[in-house]
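Okay, so here's the structure we're looking at.
The values are calculated or read from the model by the stated rules, or taken from the named source; none is laboratory data. Keep in mind that what you see is a predicted model, and the values were worked out from it rather than measured. No Cβ is skipped: glycine too gets one built from the backbone with ideal geometry, and neighbour counts run over all protein chains shown. Ligands, DNA and RNA are excluded from the accessible area calculation, which covers all protein heavy atoms including side chains. Shrake-Rupley method; radii C 1.70, N 1.55, O 1.52, S 1.80 Å.
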Amino acid sequence: MSEPITAVLLAAGQSSRMGATNKLLLEVDGLPLVRLSAMRLLRAPISKLMVVTGFAAHQIQDCLQDLPLTTLHNRDWENGMGSSLAVAAQACPNGTKLCVCLADLPHLQRATICQLCTIFVERGAQQPVQPTYQGRPGHPVLLPASLLPAIRELEGDRGARDLLAQENTLRVETKDPGILMDWDKSEDITAKI
């Protein structure tokens, strides 16, 4: 792939809707969910992987210990996904293109990530790319370098949603329901495994 893309795996949240369970530490196919998510991204056409931690940072880092990635700690993780994206963007040099993925998508297919990266690069990496499934937007989202300054200023829990609404975002319909199937409540785990 001619355009290097830095993947950002968002793993900072508390999983508060799951009760006392940290969903990112739950096992899927014998691996902690956060590790499975990181390994999936490492097998995609990216040049670098950054994982943003927050709540339970040491436990998350322990799960990722031997993988070729960089961990960044978001001290303001309680302020939401936007603050985690800002931490990642602040660690990137100007010109960096991002593939932003949530760590709680156990059924996201690697082929979908590859497809989105290919489309992003083929279109010159100048336009945000977001997958959809049956018309509903999901993750990962690919963001051009031109958005890096705005991403560095994000805060709150909306992530890059407002940026995507303002930009000429290319929506790519996929056959992958995994782009939507995050784990938010304990019922999601039993319903989606």
Out of (1) surrounded by fewer than 18 Cβ atoms within 10 Å (Cβ to Cβ); (2) under 16 Å from the mean Cα position of the chain (by Cα); (3) closer than 22 Å to residue 38 by Cβ, what's the single condition that is false for residue 137? (3)
I need a count of the residues in region 140-171 that are assigned to a strand (DSSP E or B) and more than 16 Å from the chain's Cα centre (by Cα). 2
Within region 15-55, can you find the residues that are modelled with pLDDT of 90 or more, at negative phi, open to solvent by 30 Å² or more (accessible area, probe 1.4 Å) and assigned to a loop (DSSP other than H, G, I, E, B)? 26, 43, 45, 46, 47, 55
Do any residues in region 74-96 that are at positive phi have Cβ atoms under 8 Å from those of residues that are part of a loop (DSSP other than H, G, I, E, B) and surrounded by fewer than 24 Cβ atoms within 10 Å (Cβ to Cβ), where the two are at least six apart or on different chains, and which pairs are they? 80/155; 80/156; 80/157; 80/158; 80/159
Is it true that residue 65 is over 23 Å from residue 112 (Cβ atoms), touching a helix residue (DSSP H, G or I) at 6+ places or on another chain (Cβ under 9 Å) and open to solvent by 80 Å² or more (accessible area, probe 1.4 Å)? no
Restricted to region 1-14 and to residues being within 21 Å of residue 78 (Cα to Cα) and open to solvent by less than 50 Å² (accessible area, probe 1.4 Å), the residue modelled with the lowest pLDDT is 13
Every residue in region 172-193 that is exposed (fewer than 15 other Cβ atoms within 10 Å of the Cβ) and either at pLDDT 80 or above or in contact with a strand residue (DSSP E or B) (Cβ under 9 Å, 6 or more places away or on another chain) (or both), please. 173, 175, 193
Candidate set from region 110-120 (those that are touching a residue at least 60 places away in the same chain (Cβ under 8 Å) and either of a type in the set (Asp, Glu) or within 16 Å of residue 169 (Cβ to Cβ) (or both)); member that is surrounded by the fewest Cβ atoms within 10 Å (Cβ to Cβ): 117
